[in-house]
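Undergrad: Okay, here's the structure, questions in a sec.
Read-outs: derived from the displayed coordinates by stated rules, not from any lab. Fair warning: this is a prediction, and the values are worked out from it, not measured in the lab. All Cβ positions, glycine included, derive from the backbone under ideal geometry; neighbour counts span all protein chains shown.
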Amino acid sequence: MNPTVLVADDDVNFQIIADTLLTLRDFRVRVAGDAAEAEVLLRQEPVAVVVVDLGLAGMNGFELLRRLNGRGGTQPLPNRPRTLVLTTRAEPEVERFALRLGAHAVLHKPLAPAVFIQTVEELSGSATPQAA
């Protein structure tokens with residue numbers, strides 16, 4: 001089985017799709033409906049990759065990124081996961097800001113399932129090399 005992936009997104013349909021796609025690739029999947037729940041789960045167990053939607057209600061994805069990486073006066077997680085940020089916003093400044101806060105990759109919604117899976121596999125280190 002591949003590593004654990006935490007999907008932090010308040011869109012239940014996306015949670016189901018992401019869980020299904022990742023489970024089919026043998027990932028263990030945890031789901032959080034908001035950033036506060038995601039932070040609790042991240043402090044309870046090691047996770048290889050966090051998929052976080054920037055548009056989360058309450059504590060948004062930017063704030064979760066700050067907390068993951070110990071910015072803004074918070075303690076960083078002892079085992080910081082790789083982070084895939086999802087956003088519907090097309091402004092390049094949003095992507096640059098997410099990367100400055102510690103995101104490892106940014107994808108724009110709506111996303112192609114193959115691109116989503118490939119990105120998670122690359123971030124987790126479980127991607128299978130493509131034959132040349």
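Undergrad: What residue among 38, 112, 18 shows peak mean-square fluctuation when the chain is described by a Gaussian network model with Cα springs under 10 Å?
TA: Residue with maximal mean-square fluctuation among 38, 112, 18: 112.
Undergrad: With each run of n ≥ 4 DSSP H residues scored as -39500 (n - 2.57), what mean residue ellipticity at 222 nm is computed for the chain after dividing by its residue count and rounding to the nearest 500 deg cm²/dmol?
TA: -11500 deg cm²/dmol
Undergrad: What number do you get for the chain when its Cα radius of gyration is normalised by 2.2 N^0.38 Å, N = residues?
TA: Computed over Cα atoms of the chain, the ratio equals 0.98.
Undergrad: Okay, moving on. Report the gain in length on full extension from residue 122 to residue 25: 0.36 nm times residue separation, minus Cα-Cα distance, nm rounded to one decimal.
TA: Computed gain between residue 122 and residue 25 is 33.7 nm.
Undergrad: While we're here: What net charge do the residues around residue 59 carry, taking every other residue with its C-beta under 9 Å from that of residue 59, with Lys and Arg at +1 and Asp and Glu at -1?
TA: -2
Undergrad: Explain nothing, just the number: relative contact order of the chain, from Cα pairs under 8 Å at least 6 residues apart, as a whole percent.
TA: About 21 percent, as a whole number.
Undergrad: How charged is the neighbourhood of residue 111? Take every other residue with its Cβ under 13 Å from the Cβ of residue 111, and add Lys/Arg as +1 and Asp/Glu as -1.
TA: Net of charged neighbours comes to -2.
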